[in-house]
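Below is one structure, written out as structure tokens; the observations come after it.
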Amino acid sequence: MTANADVQIAELRRRLAGGYQLLQALVGIRLRRVTDPESRRHLTWLSDVTAAMTLMNRRIGDAGPVDFAAYLDDAAGFWRRSLEDRGVRIDVRAADAAVSETQALPLAIIVHELVSNAARHAFPDGRRGSIAIACSQASGGVSLVVRDSGVGAGSLTLGDGLALVEGLVEHLGGVMAIETAPGSGVGVRVRLPLTGEAVH
């Protein structure tokens, strides 16, 4: 790669980072003026997803696979700060998990949605607990598990968050399974092919 190309890539990254920061600032301004709970929920979601995209943008290299384990370490700090006053612990176990650029950003959003869902629904009435994220490569694919120690349920319907996750997993040619029982938390397993090619 030429020095000129390196400069152009660095400039593109800088502009992307600036764009994400501006979007977060705009959402923050709107949040200060919006009182409707549903509108606030959607704007908060947009702010959080933008934060996830900002963190991933720092990890995407010039070419080749993205170190998703390193991204999870970065993101864990964000989630721990968000949950520190609620007594919810974040545990991350990520072995070598290199994913393609086409997988990296959707997978970051998938993890963010699963952690956010757990934080929002698993620990009502001040209940304490933990959310565990595990990611690894195995037999030609990427395996991701997000499990909480919360209240669980007899069954789950796909609300906005899980429906988005399911759509992204299908887009990447993967499969998703949900495990839950009353009092036993919720676990979501995602498996993606290493190719990361989208299914159209």
Full extension between residue 128 and residue 40 adds, at 0.36 nm per residue less the Cα distance, a length in nm of 29.2 nm
May I ask for the net charge around residue 81, where only other residues with Cβ less than 15 Å from the Cβ of residue 81 are counted and Lys, Arg are +1 while Asp, Glu are -1?
-> -2
A 1.4 Å probe over the protein heavy atoms gives the stretch 94-165 a carbon and sulfur accessible-area percentage of 53
Quick one: if you stick a label point 7 Å off each Cα along the C-beta vector at residue 93 and residue 181, how many nm between them?
-> 1.9
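The values are calculated or read from the model by the stated rules, or taken from the named source; none is laboratory data. Here the structure is a predicted model, which means the values were calculated and not measured. Neighbour counts are summed over all protein chains in view; Cβ atoms, including those assigned to glycine, are modelled from backbone coordinates with ideal geometry. Side chains included, ligands, DNA and RNA excluded: accessible areas come from the protein's heavy atoms. Shrake-Rupley method; radii C 1.70, N 1.55, O 1.52, S 1.80 Å.
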